[in-house]
Amino acid sequence: MTSMLFVKKLISSKLVLGAFLAVGVALVAVPAYAHFMYEHGITSEEDEHCTWNRAEISHGSGGGYAESKVKSRRGLCGLSWDRPIGHLKVKWKLLKKDGSSWPVCHSSSNYYNGTTASQMTVGNDYGSTPHCGNGVYKTRAYGYLKNSGTWWGGEIESGVTGHTLP
């Protein structure tokens, strides 16, 4: 009876060890597609409001993902500020490094909020192949809020060094 109990414990221990090894292998085998680079900050600040933008570049489905986000703020940039339809605007440009310059690879259209909102995010997954071939990419995001007939905001880039795709 004692030897049977020992065998069950041994089998149980091996199963637990096997499960740990399987999880460890699964964790090691996860591709680095979750890696992303972003930058964010205030791109326009006035007495009564400010515009906060965020630019992101990541692998997406392997060929890159570009994202632009804008937030409308007020009260020393600490409070969300809802804007009516058409009063938030975002777009992005996908840039690919060429020597020491960053020419535009792809540019989105302008997107406007379709409902009252204090923030808006748009992005594009470029699929499994980089839009302009393998290389180093970054996103230039543009975000604006409209107040009293004037657009306030600016641009921000997803980092200085860029992100290698694929």
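The values are calculated or read from the model by the stated rules, or taken from the named source; none is laboratory data. None of the values given here were measured: they were computed from a predicted structure. Reconstructed Cβ throughout: ideal geometry from the backbone, glycine too, with neighbour counts over all protein chains shown.
Quick notes on this structure:
- Of the strands (runs of 3 or more DSSP E) lying entirely inside the range 65-155, the ones with 1 or more residues being surrounded by fewer than 16 Cβ atoms within 10 Å (Cβ to Cβ), at pLDDT 95 or above and of a type in the set (Asp, Glu) are found at 119-125.
- The set of residues in the range 81-101 that are in contact (Cβ under 8 Å) with a residue 60 or more places away in the chain and not charged (D, E, K, R) comprises Trp81, Gly86, His87, Leu95.
- Qualifying residue in the range 92-100 (condition: within 16 Å of Gly153 (Cβ to Cβ) and not basic (Lys, Arg)): yes
- Yes/no for Gly60 being touching a residue at least 12 places away in the same chain (Cβ under 8 Å), on the phi > 0 side of the Ramachandran plot and surrounded by fewer than 16 Cβ atoms within 10 Å (Cβ to Cβ): no
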